[in-house]
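All remarks here apply to the structure that follows.
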Amino acid sequence: MATVDEVTDALREVIDPELGLDFVELGLIYEVTVDDGAVNVTYTLTTPGCPIGPQVSEQIEEFVSELDGVQSVESTMTFTPAWSPELMSDDAKFALGF
């Protein structure tokens, strides 16, 4: 059975092509739940008009579904709360000059 930590590690493969950093470091992953093989990922984008929205959902499903014990993956995009640079990891802030 996949754990929340394993799912989060898999989500490090989802990269923002403009910033070159992964969604976990950027603070774009809001919640991960795992319930008996069903994984739900709630995420956001840096802006509502970000053109990579459909790609992100596909990548989340692709990378998470490769984990042992994962039977289904559902991703939910939200803009509440709105993303801000304060949500980034310290490493991401350093890399982007914040």
request  = Go through segment 30-60 residue by residue and tally those that are hydrophobic (A, V, I, L, M, F, W, C) and more than 18 Å from Ser72 (Cα to Cα).
outcome  = 3
request  = Look at Asp35 and say whether it is closer than 15 Å to Asp9 by Cα and either of a type in the set (Val, Ile, Thr) or surrounded by fewer than 14 Cβ atoms within 10 Å (Cβ to Cβ) (or both).
outcome  = no
remark   = Out of (1) at pLDDT below 95; (2) open to solvent by less than 50 Å² (accessible area, probe 1.4 Å); (3) in a loop (DSSP other than H, G, I, E, B), the one Ser57 does not meet is (3)
note = Scanning segment 60-92 residue by residue, those open to solvent by less than 70 Å² (accessible area, probe 1.4 Å) and within 15 Å of Leu19 (Cβ to Cβ) turn out to be Trp83, Ser84, Pro85, Met88, Ser89, Ala92
Number of positions in segment 1-34 that are at pLDDT 95 or above, more than 21 Å from Ala82 (Cα to Cα) and either assigned to a strand (DSSP E or B) or of a type in the set (Gly, Ala, Ser) (or both) = 2
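The values are calculated or read from the model by the stated rules, or taken from the named source; none is laboratory data. Please read all numbers here as calculations on a predicted model, not as lab measurements. So basically every Cβ, Gly included, is an ideal-geometry build from the backbone, and we count neighbours across all protein chains shown. Side chains included, ligands, DNA and RNA excluded: accessible areas come from the protein's heavy atoms. Shrake-Rupley method; radii C 1.70, N 1.55, O 1.52, S 1.80 Å.
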